[in-house]
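Following: one structure in structure tokens, then a few remarks.
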């Protein structure tokens, strides 16, 4: 019995050795291919690292450039914030030069808001759509601002759509209730009372402690009455 187990063990060892020999032979025959693949992976990794380092440097430069524009924005000097003052870049130039960076994308948001404040609603929409941020506050604010621009352009369908998207983009107590209210009121103006009611009920259910929720029962009652 012991001899049989020893023979089986020897056979397994021989099979492993055979497999190893075949593997070594394959590696030896394909050394150039293997080294080429390894070299390509190293090169690609180096390129990715280099691009990230370059982008980090560009983002640092963009942060310096955007500082003065933000100061003008805080003072509500929207024209200077947007186009610069001759010495420092405005948001549009920061975006043009650094659009691939986080700060460049932030400049697009600010450029959109500046254009909206100046009454340039189509330009504002273009810049706000370039923002594509993931921040829990700024991302829905950008969508909501697009809705505001469409509202100013009397495009109620798009306004309602963007308000609804803004409300669902981030479930936070600040933007959620605000844009659900705006979406509901827009649908109400359009005469789509069912969608308006849905917005108001969602607000009351999802944000019961918000300031908007304390006033929304009247809107709900009005819409239910209109739908009778």
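Laboratory data are not the source of any read-out in this text; all were calculated from the coordinates shown. Since the model is a prediction, treat every value here as computed from it, not as a measurement. Cβ atoms come from the backbone with ideal geometry, glycine included; neighbour counts cover every protein chain shown.
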Would you calculate the separation in nanometres between label points at residue 189 and residue 132, each defined as 7 Å from the Cα along the Cα-to-beta-carbon direction?
3.0 nm
Inter-label distance, nm, simple model (7 Å from Cα along the C-beta direction), residue 227/residue 87:
5.9 nm
Hydrodynamic radius (Kirkwood) for region 69-193, which is based on Cα pairs only, to one decimal in Å:
14.7 Å
Sorted from largest to smallest, which semi-axis lengths in Å does the alpha carbon gyration tensor of region 141-228 give for its equivalent ellipsoid, taking the root of 5 times each eigenvalue?
19, 17, 8
